[in-house]
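The values are calculated or read from the model by the stated rules, or taken from the named source; none is laboratory data. Predicted model, so just to flag it, every value in this text is computed and none were measured. When we count neighbours, we look across all protein chains shown, and the Cβ atoms used for this are built from the backbone with ideal geometry, even at glycine. The accessibility values were calculated without ligands, DNA or RNA, using every heavy atom of the protein model including side chains. Shrake-Rupley method; radii C 1.70, N 1.55, O 1.52, S 1.80 Å.
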Amino acid sequence: MQVLESAEDYLERILILSEKLEKVREIDIVNDMGFSKPSVSIAMKKLKDNGYIVIENGALTLTPQGYAIAEKIYERHKILTKGFVLLGVDEETAAKDACKIEHDLSDETFAKIKEQVEKHG
């Protein structure tokens, strides 16, 4: 199933926030991503309806399917950022550029980049 880039971004953000916070709520995503509350609410409803998250007592939790997507995107983000930094790009620019391409790389290309980053990093 094709997952939209925006859905991947939200799932990744829930994963990142869950590492920092005891409970992730919609307002945490609003504050972290800078989106409006209505936009985040609509997105969370779609993620819930598609089986990627569970919402209980206001807390957002990734389902196994949502976690798998979030983990894949977050790994790509970290590896690409590290690779760009190894090339001499400053960390802030590297992270922004990683965000732009983490969704679009083929698995084959990402695997080769990861191999090189791990070899030289």
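Remark: relative contact order (the chain) = 23 percent; criterion is Cα-Cα distance under 8 angstrom and separation of 6 or more residues. Accessible surface calculations at 1.4 Å, restricted to protein heavy atoms, place the chain at 62 Å² per residue. In terms of overall dimensions, the C-alpha atoms belonging to segment 1-82 reach 35, 27, 22 Å along their principal axes, ordered largest to smallest.
Helix-only arithmetic for the chain: the sum of -39500 (n - 2.57) across DSSP H runs with n ≥ 4, divided by the residue total, places the mean residue ellipticity at 222 nm at -22500 deg cm²/dmol.
Computed packing ranks the peptides 42-51, 66-75 as 66-75, 42-51, most packed first, by mean other Cβ atoms within 10 Å.
Please give the direction-averaged projected area of the C-alpha convex hull for segment 57-121, in square nanometres with one decimal. Orientation-averaged projected area of the Cα hull: 5.5 nm².
A crude spin-label estimate for the pair Thr109 and Glu19, with each label 7 Å from Cα along the Cβ direction, gives 2.4 nm. If the segment from Val30 to Thr93 were pulled out straight at 0.36 nm per residue, it would be longer than the present Cα-Cα gap by 20.4 nm. Once the chain from Glu5 to Lys37 is taken as fully extended at 0.36 nm per residue, the excess over their C-alpha distance is 9.6 nm.
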